[in-house]
Every structure is written in C-alpha cells, then in structure tokens.
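What follows is one structure encoded as structure tokens, with my remarks underneath.
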Amino acid sequence: MTQVSLDALRNVQRLIGRLNAGADLAATLRAVVDGVVEGLGFGVAVVNLVHDDGTVEVVSVAGPQDVSDTLLGSRSSLVSWEKAFARSHLWGALRYEPHELADEDDLPTWVPDLPVVDDPDAWHPLDALYAPLYSITGDLVGVLSVDLPDDGRRPGDLQRELLEMYGTQAGIAIDNARLAERLKASEESFRLAFENAPIGMMMVDLSPGRVGRFLRVNEAMCHTLGYSRRQLLERGVDDITHPDHRDADLDVLRSAVEKGVAGYQIEKRYLRADGSPLWVSLRSSVVRDSNGHALYGISQFEDISDRRAEHQELTRRAQVDPLTGLHNRASLIERVEAAIADARCTGHPGALMFCDLDAFKPVNDRHGHQVGDQVLAIMARRLEAHVRKGDTTSRFGGDEFVIVADDLSDERLRELVQRLRDAVAATIDVAGLTVDLTITVGTVPITGSKDETAEGLISAADADMYRRKPGARPI
C-alpha cells in the first residue's frame, strides 16, 4: 500500500473518530458533512435523514452558502430515493447517478455552476453520487450526497473506497445519535410524568443485595409521607412500611423478583414521617434486563385511608348492634365458629351462655320502648363489664344476649354466670324510674367435636336457658 493510501486511511480514521464524539444528533450530522468536505475531497456534502413517516429531509449541509439556501429543510419521499438507487450505477456500496439520468430525478437538487467539457471522466454539473447510510441492523437511516470533487473529475477507486468506508461509519453514528436523542426525549418525558404525577411514585432497586432501596421518588410521595427527597433516598421500602406488613410485603417483592412476574398490586400500610399509618393501594411493575434479571421496580401508590376507614365503618356497622354497641347476631356466628376451632386445636373447651332478661316485657309495656331501650343499653354495658378479656358479648335479639368464652372450666363458668346474675340484679335508675330485673342464663360447652356447629350450640344454650327460667315447664 502506498504512503498516499496510508495517509488517506489515517485521515478517514480521524474523521470517523469525530463522528462518534458528537454531543447530540445535530452535532453528529454536522460532523458527517464537515468531515466529507474537510478530508474526502468533495466541495459539497449533504445528509438526507429518513424519518419514521417515510419522508426524507435535508438536515445538514456543508459547502457554499447557496447549497444550504437551496436544499436545507427540503423533503422528498423514501420511494423517490429507492427509484434513484435503482437507476443509478453501483460503485460498491455507493450509488452514482450520471447526468444522463438527471431528467428522471425528482429529488431536491442543487446544480453547481460548472463548465461542461468533453472529457468523459470530468465531473458534470448534473452528476450525483450517493452513499446510503445504514444502521448496524441494516435499516436505511439516511443518504449522504456529495458533489464538486476537488479535482473536477469522477472519483477514482481510492476516493470511492474512502467515501464508502466513511459512509458506513457515518450511518452507524447517526443511528446511535438518533437513538440516544430518542432515549433522552423518552427519559425526559418519563421524568416529567414521574415528577408531576399527582400520586406518589417511586423507583425501587431490585438488584441483589439492594432489594427495596429507593432509587427515585417524586414530590407527591414526599408530600404524602412527610419526608424530604433526601430522607427517602437514604431509606428503603422496609423503613416506611408498617411493622404488621413488612414480612408479607417483602415476600411479595421477592416473589415478583424470583418468579419473573411483570407486576403486582397490593394494599398495605406505610408510616408517615410522624409515625402515623397510611393505607395505600400500591401498583408495581418490574423492569428486567435481556436475561430476565430484575433491575428495578416502578411503583405508584394512592392514599386509600378514607376508603379503608369507610369500609371498616361499614363492616363495623354490619357486625354491631346499633342500640347496645355489642356484636350482633350475624357476627356472633363467626365468633362461635372461631371458638369451636380454638377448642378443637387446643383441646381446652369453651362455653356459650344464652342470657335472657326476666320480666323485661312489663318494662316496655308500662314505661314505653324508649325506657326499655335505655334499660337494654345499661344491661349490655353491665354484661360486657363482667366477662373476661377475650370473651365476646353479643345481642341476639330483643332482651336476649349471648356470651362466647374460650378455655373456660366448669368452675370458672359457674363463677362467671354468678357475676352476670349479680350485675343484672343491681337496681337501675332510669328516666326517674327504679327498675329491678334478673337474668336467666343457659349454658352449653364448646368442645370442638367434629359434629359441633354454631347454630347447634346456640340452639342448645337457648333450650337450656328456657329450662332454667323461673316456673319453666319441662321440655
């Protein structure tokens, strides 16, 4: 290889190095055309960029000012370029369109002020030379068009090879720069959406050894939880999760990482900076690398404290007797079933007590239901005050109450029944009236046997209560 060829190759390598040093797409395009004019022996270089909509636009020009004035911003169709390539002569990867074909050209054109000579190797004003620019995957990203060879002649083999080499690298550089620009735009769009979201958003590290650490949080999250951005970025999900939810939350997170799920949704409690709990609905997506390894999670959460409080209040109302505040008949069944399960598991019997106020009907008949309701409310408080912690007192209906107790021996049952009788027997002063009542208590053990049911136990205790009523007839 001659010294001239070596110097030319070194020069092209230097120009190619500049292609990859552009700060953005515009700088890369500028470097492409400047490199042609500076080091490849042409007076004009034009980059035509292919857009996603199939149009091709002149986006960068080097050469005389009138070239820019004529061509910059001009658009054509990709189909027109494909036709030009098809009719052109193949010079390796280059496309040479001689002036004889100029009449067929419908592409944006600039014609230099050159004399037309008879020399067949001279460059004609209507000659055109194109270097198609391809991405590394083979997609056409643009066309590099050159004109005005320095020596006024059609390029020779060396100049063609250098232009071809340069065009190959220019296509890759432009594609990389455009991809980087799109990624930057995408990142900026994501950043704006992330930061300006009206609900809390976070990016959480899922890499080994750092699972749950915050990588990014938005202003809404900081405001909702009462932390500064810096405070949250020094913490992880575990640090702001309510203790009751930490183990379950970590299990969900690990499962998502290990099982390859794309995302998950849970309801949990966070802790604000002041220690107060906050119920949230959390939706998370897991981002993975090409090998399926979890990189990070993007989550958004919505404050559902009001909804949870409303739900809990509706649940409470559905389970509570509105007059006495005790459990109602519907929730009683669940409590008895739990007592059966406890007895079966521990082997320690419990007890169910069916309580009925004696001679309560005359109170209603003589003094009215308003006084009767006050008496029932007082009796309910007395009963609840004299059962053990963990025992459940419920209003079954009317003047009937049911008490459920776990792990209660016969002796302690007798003691409890006596306390209840004594509590009810104390005189009541209500609405200026004095009321004296007694209570009859029927009992049945809760053994946990396989044929035991809540309904059966309640019925049996009810029957036992009627047997114990003063003056009751044998059943």
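Ordered by the number of other Cβ atoms lying within 10 Å of each residue's own Cβ, fewest first, 264, 296, 166 fall into the sequence 264, 296, 166.
Rounded to the nearest 10 degrees, the angle from helix 157-196 to the longest Cα principal axis of the chain is 20 degrees. Given in Å, the Rg to one decimal and the Dmax to the nearest whole number for the Cα atoms of the chain are 43.7, 139.
Neighbour counting of Cβ atoms within 10 Å sorts the residues 100, 334, fewest neighbours leading, into 100, 334. Restricting the trypsin sites (Lys or Arg not before Pro) of region 370-438 to loop positions (DSSP other than H, G, I, E, B) with no more than 12 neighbouring Cβ atoms within 10 Å leaves 389. Along its first, second and third principal axes, ordered by size, region 194-268 spans 32, 25, 24 Å in Cα coordinates.
Backbone geometry of region 221-230 corresponds, through the Karplus equation with coefficients 6.51, -1.76 and 1.60 at θ = phi - 60°, to 3J(HN,Hα) couplings of 5, 4, 5, 5, 8, x, 9, 7, 4, 4 Hz, x marking Gly and Pro. In order along region 134-146, phi translates into HN-Hα couplings of 10, 6, 5, 8, x, 7, 6, 9, x, 9, 9, 9, 10 Hz, rounded to whole numbers, per the Karplus curve 6.51 cos²θ - 1.76 cosθ + 1.60 with θ = phi - 60° and x for Gly and Pro.
Where only DSSP H runs of four or more residues are counted, the chain gives -14500 deg cm²/dmol as its mean residue ellipticity at 222 nm, each run worth -39500 (n - 2.57). Can you classify region 352-421 as rounded, prolate or oblate using the Cα gyration tensor, where a ≥ b ≥ c are the square roots of its eigenvalues, rounded means a/c under 1.5, and otherwise it's prolate if a/b beats b/c and oblate if not? Prolate shape, in that a/c is at least 1.5 and a/b is the bigger ratio. Counting only Cα atoms, the size of region 54-156 along its three principal axes is 41, 31, 25 Å, in decreasing order. For residue 259, the lysines whose Cα comes closer than 25 Å to its Cα, not counting residues fewer than 8 places off in the same chain, are 268.
Calculated over region 276-362, the projected area of the Cα convex hull averaged across directions stands at 12.0 nm². For residue 142, the residues whose amide H sits under 5 Å from its own are 50, 133, ignoring neighbours fewer than 5 places away on the same chain, with H placed 1.01 Å from N.
Each principal axis of the Cα cloud of region 320-468 was taken in turn, and the coordinate range along them, longest first, works out to 50, 29, 28 Å.
Annotation: the residues 394, 299, 80, sorted from fewest to most other C-beta atoms within 10 Å of their own C-beta, follow the order 80, 299, 394.
Protection proxy ranking for 28-36, 112-120, using the average of other Cβ atoms within 10 Å per residue and placing the highest first: 28-36, 112-120.
Just so you know, the Rg over Rh for region 3-179 is 0.93, from Cα atoms, with Rh as the Kirkwood radius. Relative protection proxy for 39-49, 337-347, from highest mean packing down: 39-49, 337-347 (other beta-carbon atoms within 10 angstrom).
Using the Karplus relation 6.51 cos²θ - 1.76 cosθ + 1.60 with θ = phi - 60°, the per-residue 3J(HN,Hα) values for region 434-451 come to 10, 10, 10, 10, 10, 9, 10, 10, x, 10, 8, x, 10, 9, x, 5, 5, 9 Hz, with x marking Gly and Pro.
Computed over every Cα-Cα pair of region 117-216 and binned at 10 Å starting from 0, the pair-distance distribution P(r) comes out as 13, 24, 20, 16, 12, 9, 6, 1 percent.
Just so you know, all these numbers are worked out from the coordinates, no wet-lab data involved. Just so you know, these numbers come straight off a predicted model, no measurement behind them. No Cβ is skipped: glycine too gets one built from the backbone with ideal geometry, and neighbour counts run over all protein chains shown.
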